[in-house]
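Take a look at the structure set out below.
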Amino acid sequence: MLEKLLSIYERWHTVGSLLMDSDVMKDMKNFTKLSKEYKDLQIFADTYIEYNNIVSNINHSKAILQIEKEAELRQMAKEEWEELELKRLSIEADVKILLLPKDPQDEKNAILEIRAGTGGDEAGLFAANLYRMYLKFCDIKRWKAEIVSQSEGINGGIKEIIIEVSGINVYGILKYESGVHRVQRVPDTEANGRIHTSAASVAVLPEADEVDVVLNESDIKKDTFRASGAGGQHVNKTESAIRLTHLPSGIVVECQDERSQIKNYSKALKVMRSRLYERELQKHNDAIALKRKTLVSTGDRSAKIRTYNYPQGRVTDHRIGFTMYNLPVFLDGQIQEMIEALQVEENAQRLSEATTY
């Protein structure tokens, strides 16, 4: 493990030297690639340096214990040694996590899809709550969120909304949100104060690049229609909305958020490409599912992953049995703690499997 960390540290040092080379600077594509690699390896280099310092200080404390006769100095050296040993063990545990293979999809942007499920109008209102929650989370993370398509319900509810989210490690963070989200609360229309249970489904897809999925124009049926919803005089006057159908798979994507037909086509194509990419990715994940447990990418969109209980002010993630009693704050976009708990559990599973095989 530590030999691998040393090897990475040496690579970081080499890349740093290359970035100072004038010939490398002239090749912007290569320079950008090396800059990213240098940044990615920085945490390994910092960890290696810190670990080396700790080991050096441990050896120094041991040396003092071997030659020092004075009781007080020996006690100080012993306490320092014990404290450094705890730090060493902690860093070694962190290194094991760092060295786990990364999912190459994690750095991608994401397509976030939210759909009202069972529960009628109340499910649409809950879907709108989830949309606002993720929008605020994107603001906190300084991610860019753009609506691709939306279908509104009544009283401010949402039947379906598709969002393109771009930023740093978007998919790697949002992927834990895929599944059925359930809400338990008293609807405004409930006269007797009974608690109702409704649901909304969330799907997070890694945004596919053109090199990931090749789309043949002959496989795509393109239809145009008049947009509906907000938009003033533009609505129902021009056929700017786009519907794309991928004939081999039957996947249908609509986009009407933009006034320009060209922009709607471009957005719809992104979603189409991501859905096809996810389908192929899922086949790969299914092939290894029997060997590896995971909290994400199961493909089971019917699995209830989380409950939002309004009367108790709690939100519970059923995959890890983690409960937080700050529902209003959570719905205000403060979901990072939940995601971090899921990441810790995911890494623990992967570590366990790494030591088993």
Any chance the stretch 109-124 includes a residue that's within 25 Å of F44 (Cα to Cα) and modelled with pLDDT under 95?
yes
Number of the exception - S260 against (1) touching a Ser or Thr at 6+ places or on another chain (Cβ under 9 Å); (2) surrounded by fewer than 15 Cβ atoms within 10 Å (Cβ to Cβ); (3) at pLDDT 85 or above:
(3)
Take the conditions among the aliphatic types (A, V, I, L, M), surrounded by 16 or more Cβ atoms within 10 Å (Cβ to Cβ) and in contact with a Phe, Trp or Tyr (Cβ under 7 Å, 6 or more places away or on another chain) and apply them to L342. Does it pass?
yes
Among the numbered criteria (1) in contact with a helix residue (DSSP H, G or I) (Cβ under 6 Å, 6 or more places away or on another chain); (2) in the same structural domain as A208 (by TED's automatic domain parsing), which single criterion is violated by I58?
(2)
Counting only residues that are under 22 Å from P206 (Cβ atoms) and either buried (at least 21 other Cβ atoms within 10 Å of the Cβ) or in contact with an Asp or Glu (Cβ under 9 Å, 6 or more places away or on another chain) (or both), how many does the stretch 103-126 have?
8
Quick check: anything in the stretch 56-70 within 20 Å of Y9 (Cα to Cα), loosely packed, with under 12 Cβ neighbours inside 10 Å and at pLDDT 90 or above?
yes
Within the stretch 63-108, how many residues turn out to be among the β-branched types (V, I, T) and touching a Leu at 6+ places or on another chain (Cβ under 9 Å)?
3
Boolean, Q282 is in a helix (DSSP H, G or I), modelled with pLDDT of 60 or more and polar (S, T, N, Q):
yes
Only one of (1) more than 28 Å from the chain's Cα centre (by Cα); (2) modelled with pLDDT under 90 does not apply to S17, and that is (2)
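The values are calculated or read from the model by the stated rules, or taken from the named source; none is laboratory data. Here the structure is a predicted model, which is why all the values come from computation and not from measurement. Backbone-built Cβ (ideal geometry, glycine too); neighbour counts: all protein chains shown.
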